[in-house]
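The values are calculated or read from the model by the stated rules, or taken from the named source; none is laboratory data. This is a predicted model, so every value here is computed, not measured. For neighbour counting, all protein chains shown are included, and Cβ atoms are generated from backbone atoms with ideal geometry for every residue, glycine included.
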Amino acid sequence: MEPDEYDRMDRVEDAMWWYRALHRRVIEALRREPGDPSLPLLDAGCGTGGLLRRLAETFPDRALAGVDVAEAAVQRARRKVPGAALAVGSIAALPFPDARFGAVVSCDVLCHRLVDEAAALAELRRVLAPGGVLVLNLPAHQWLHSAHDRRVHNARRYNRAGLRQALETAGFLPVSLRFWNSLLLPLMVVQRRVLGRFRAEDASDVAAFSPPIDAIFRAVTDTEAALARIGLRFPAGGSLLAVARRA
């Protein structure tokens, strides 16, 4: 990402509604499918450490590790999660031994234009122990590609069929692939496809929202999460969360 995008992330990821919703979805997925809890948990593409800090709070007895390609991001993550084993490296060449982790999470990394998707999935499988769990969050629907994607260098947005095929080809057994950020999808369409033409080409969606707007969006994503917990599945959404096991 652009260096100032990490600055934006660092400033808002503990409070902004979207990050809070993302972190909750990942944590709920890991509660359902923890992998081997005796082995460490890796955040591949940990950025500035917001998710790692939430994972440390939620799973205090589990060893944590993180890797990111940007040294400046890793330095910030070290300050947030001093107990985690953090490294600078590429998701397509992870600096960890085979079968090291019981679970791996990776949020919005495979979609990056410089990431070789097949190589990255092969590496994620390599560092997972047999039966280990992979949790991926990725942007959904290529037709939603916008200035924000260009800003953060996203080359791909995903659908369920394409992601399932990529996971199976890489040697994973998909457990679930669920869209989320669905109730706000109509607003995303207006913001990205209609109003987006009037925005600067390098505009980013990562920003501090006013407290009332943030509270509204948080309430909407809380409602959606509650509906998902009772079994409601959405046919579309701004993001796609996949859970898979190493075959």
Worksheet item: All but one of (1) closer than 22 Å to residue 105 by Cα; (2) surrounded by fewer than 17 Cβ atoms within 10 Å (Cβ to Cβ); (3) of a type in the set (A, V, I, L, M, F, W, C); (4) modelled with pLDDT of 95 or more hold for residue 163; which doesn't?
Response: (2)
Worksheet item: Using beta carbons and a limit of 7 Å, which pairs, at least six apart or on different chains, have the first residue in region 60-87 and within 18 Å of residue 112 (Cα to Cα) and the second one crowded, with 20+ Cβ neighbours inside 10 Å and among the hydroxyl-bearing types (Ser, Thr, Tyr)?
Response: 73/48
Worksheet entry | Among the residues listed as 64, 42, 51, 55, the single one being under 14 Å from residue 132 (Cα atoms) and buried (at least 18 other Cβ atoms within 10 Å of the Cβ) | 42
Worksheet item: Are any residues in region 40-62 part of a loop (DSSP other than H, G, I, E, B) and under 17 Å from residue 86 (Cβ atoms), and if so, which ones?
Response: 40, 45, 46, 47, 48, 49, 59, 62
Worksheet item: Does residue 81 satisfy the condition of being farther than 17 Å from residue 133 by Cβ, among the aliphatic types (A, V, I, L, M) and out of contact with any Phe, Trp or Tyr (no Cβ under 9 Å at 6 or more places or on another chain)?
Response: yes
Discussion item. Residues that are modelled with pLDDT of 95 or more, part of a helix (DSSP H, G or I), over 15 Å from residue 29 (Cα atoms) and of a type in the set (Ser, Thr, Tyr): does region 215-223 have at least one?
Written reply: yes
Worksheet entry | Residue among 14, 4, 10 that alone is at pLDDT below 95 and under 27 Å from residue 229 (Cβ atoms) | 14
Worksheet item: Is there a residue being of a type in the set (S, T, N, Q) and farther than 30 Å from residue 215 by Cα anywhere in region 49-68?
Response: no
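Residue 34: in a loop (DSSP other than H, G, I, E, B), on the phi < 0 side of the Ramachandran plot and without any contact (Cβ under 8 Å) to a residue 24 or more places away in the chain, yes or no?
no
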Worksheet entry | Top-ranked residue in region 117-152 [being β-branched (Val, Ile, Thr) and at pLDDT 95 or above; ranked as farthest from residue 188 (Cα to Cα)] | 127
